[in-house]
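Working notes for the structure below.
The values are calculated or read from the model by the stated rules, or taken from the named source; none is laboratory data. Please read all numbers here as calculations on a predicted model, not as lab measurements. For neighbour counting, all protein chains shown are included, and Cβ atoms are generated from backbone atoms with ideal geometry for every residue, glycine included. When the accessible area is computed, the model is the full protein with side chains, heavy atoms only, and any ligands, DNA or RNA have been set aside. Shrake-Rupley method; radii C 1.70, N 1.55, O 1.52, S 1.80 Å.
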Amino acid sequence: MTANVYLSLGSNSGDRHAMIGKAVAALSSAFDRYGAVVRVAEPVTSMPQGFVSDNPFVNVGLTVSFEMSQPWTDEGLHGLLDITQAIERSLSAMPHRNPDGSYRDREIDIDIIAVDAICFCSPRLTLPHPAMSERRFVLLPMSQLLPDWRHPQSGLTPAEMMERL
């Protein structure tokens, strides 16, 4: 069966386009061993959400598609998160949060938005991403890469979710 993972990458500090390029290259390399096909949407610029900053984000959506012999497991989903977080750390030591827990500017952020039509919740990972339907910078690239994907709870496509913003 074909697995489709949808990621959202963002950067609003430093050379944003170069950092996004490095993250795409690292993700492509990490998933190459699975024979994955990686597709990247056109960049979208957005202002920060959840914190105040004058630095706009450059965001891209990315799909990773590969063949799996078995369905996803909890361990497999957490392993996917481990890969994305390791790539974030390898590219930037800059933390995503201030000491008080609030968000801050960041060189790279990689969020897992959806894995197929899986609903999953653990202390480390919630799928689909709980804020995806509120974020145009997530939905616009997703509508380009996975236009027929439907949210497993609402049944809406990315374009339909965008219409509700």
Please identify the pairs in which a residue from segment 71-87 that is closer than 19 Å to N4 by Cβ and hydroxyl-bearing (S, T, Y) has its Cβ atom under 6 Å from the Cβ atom of a residue that is surrounded by 14 or more Cβ atoms within 10 Å (Cβ to Cβ) and modelled with pLDDT of 95 or more, counting only partners at least 6 apart or on another chain. T84/I110
Does R89 fit the bill of being among the basic types (K, R) and either over 17 Å from the mean Cα position of the chain (by Cα) or surrounded by 18 or more Cβ atoms within 10 Å (Cβ to Cβ) (or both)? no
If you go through segment 48-85, how many residues are of a type in the set (A, V, I, L, M), at pLDDT 95 or above and out of contact with any helix residue (DSSP H, G or I) (no Cβ under 8 Å at 6 or more places or on another chain)? 3
Looking at (1) surrounded by fewer than 18 Cβ atoms within 10 Å (Cβ to Cβ); (2) among the hydroxyl-bearing types (S, T, Y); (3) at pLDDT 95 or above, which is the one condition that is false for S102? (3)
Note on segment 1-16: residues open to solvent by 40 Å² or more (accessible area, probe 1.4 Å), over 20 Å from L146 (Cα atoms) and either part of a loop (DSSP other than H, G, I, E, B) or touching a helix residue (DSSP H, G or I) at 6+ places or on another chain (Cβ under 7 Å) (or both) are G14, D15
Exactly one condition in (1) closer than 25 Å to V37 by Cβ; (2) of a type in the set (D, E); (3) open to solvent by less than 70 Å² (accessible area, probe 1.4 Å) is false for D82; which is it? (3)
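Give the residue, chosen from L156, L140, that is among the aliphatic types (A, V, I, L, M), in a loop (DSSP other than H, G, I, E, B) and modelled with pLDDT of 95 or more. Talk me through it step by step, then tell me what you get.
Values: L140 fails: in a loop (DSSP other than H, G, I, E, B).
Matching residue, one of L156, L140: L156.
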For segment 29-39, the count of residues that are farther than 18 Å from L81 by Cβ and either of a type outside the set (G, A, S) or under 16 Å from the mean Cα position of the chain (by Cα) (or both) equals 3
Given the condition open to solvent by less than 70 Å² (accessible area, probe 1.4 Å) and in contact with a His (Cβ under 8 Å, 6 or more places away or on another chain), answer yes or no: does some residue in segment 158-165 qualify? yes
